[in-house]
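Just below is one structure, and these are the notes that go with it.
Throughout, read-outs are computed from the coordinates displayed, never taken from laboratory work. Not measured: the values here are computed from a predicted model. As a convention, Cβ positions derive from the backbone with ideal geometry for all residues, glycine included, and neighbour counts pool all protein chains shown.
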Amino acid sequence: MDQFNSLAVPHQARKRFGQNFLQDGAIIDRIVRAIGPAVDDRLIEIGPGQGALTLPLVEHLSEHASLDLLEIDRDLAAQLDRRFAHDSRINLHQIDALNFDFVSLRQQGHKALRVFGNLPYNISTPLIFHLLEQCSQVDHQRVINDMHFMLQREVVDRMAAQPGTKTYGRLSVMTQYYCTVEPLFEVPPEAFNPQPKVMSMIVRLQPFESLPIIANNPTVLHQVVKAAFSQRRKTLRNGLKHLINIDQLEQLDINHTARAETLPLTAFVKIANFLNESAPTS
Ligand code: SAM
C-alpha cells in the first residue's frame, strides 16, 4: 500500500463523527484525479479530517483558487488551522456541514462550487438531502457545479437505482431530479484506518444546468416522494391517500394500484405539479 502525506499528528478516530481515515496513497491519487481540480476552482471539502485528500489537492491549486474546509471535530479543525493558517486560498470552518449555507458561499464569488469529501457515513443520507436542496438555481446561476463523494456502496446503488428495482427509493428519485449520477469506482475497507465494515464507492453527482423535468414547487415534490416511499409495499392509492384520490391519479394517467418503487421520476413530478396547481391560494 502506498503511503501518503497527512497532518501526521496522532488522533484517536471518533466513531460519533464517522471517522475512517483514508490511508491508501493509490486510492487517494485516484480520487484526486477523478475530481480533476483546475487551478482557479472554488472547492469545498466536507470532513477534511487529517487532510488525506486536502493535502494532495492543494498542490493543484493556483493563488486564484479557493478551498473551504468544513470540519466538525474541534481537534482536527485546530490541526488543519495550524497547517493552513498562512494559506490565503484556504478557509477553515469548524462547523456541522448539515448547517452550512452553500448558497451564501456561492453568492460571494463568480463561480459555482465544486464539493467533495470522504463523507462521514453516519450522516451521509441527510447530508446528501441537504446538498440537493441547495442544488437549485439561485439568480439563474448554478450553486453547485459538481460533487465527488466517497459513500457506502449501498448508498451509491440507491442513488443510481432505476424504477422497478429493490434499491429504488426516495434517495434515487430526489438525486436524479437534480443531478446526473455517475458511480466511479469501489474502494475496499483496507483503504481506511479504522476499516469500515462495508464496501465504499466514489460517486460523481452533476447538477443539471437546466432541469430536464421541472417540479413547479420542489417542496411539494419532496413531500410526495416521502409519502409515497414511507411504506414502500403500499399501493400509490394508499400511500398517497392524504394527498390525492383515485380519480385524480387516473386523470393524470397514473395507475393507482402501482407501488412507488415502480414509478418513474416524471410521474412523481406530475403528481407534485397537480397538487401544487390545485392547492388553494390564500
Ligand atoms: N477526509 C478524511 C479522509 O479521507 O481521511 C476524513 C474522512 S472521515 C470518513 C469523515 C470526516 O468528516 C471526519 O474528519 C469527521 O470529523 C468529519 N465530520 C463528521 N461529521 C461531520 C459534520 N457533520 N460536518 C463536518 N464534518 C464532519
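Computed per residue of the chain from DSSP H runs no shorter than four, each worth -39500 (n - 2.57), the mean residue ellipticity at 222 nm is -9500 deg cm²/dmol.
DSSP finds beta bridges in the stretch 38-164, and of those with both partners inside it, around 10 percent are antiparallel.
Roughly what angle does helix 25-35 make with the longest principal axis of the chain, taking Cα atoms, 0 to 90 degrees, to the nearest 10? The helix 25-35 is inclined about 50 degrees to the chain. Measure nothing but the geometry: give the 0 to 90° angle between the long axis through the Cα atoms of 124-133 and the longest principal axis through the Cα atoms of the chain, rounded to 10°. The two axes meet at around 70 degrees.
Assigning unit charges at the beta carbon (Lys, Arg +1; Asp, Glu -1) and nothing else, what dipole magnitude in debye, to the nearest 20, does the stretch 117-205 show about its Cα centre?
Working: 7 positive and 8 negative charges, 44 e Å.
Value, rounded to 20: 220 debye.
Between amide H atoms placed 1.01 Å from N, distances below 5 Å from L184 occur with I202, V203, R204, all of them 5 or more places distant or on a separate chain.
Only the Cβ atoms of Lys and Arg (+1) and of Asp and Glu (-1) were treated as charged; on that basis the dipole of the chain about its Cα centre amounts to roughly 1000 debye. With semi-axes defined as the square roots of five times the eigenvalues of the C-alpha gyration tensor, the equivalent ellipsoid of the stretch 1-113 measures 22, 18, 13 Å, largest first.
The stretch 66-141 and the stretch 29-48 have Cα centres separated by 12 Å. Taking amide H as placed 1.01 Å from N in the peptide plane, F192 has its amide H under 5 Å from the amide H of Q23, each at least 5 places away in sequence or on another chain.
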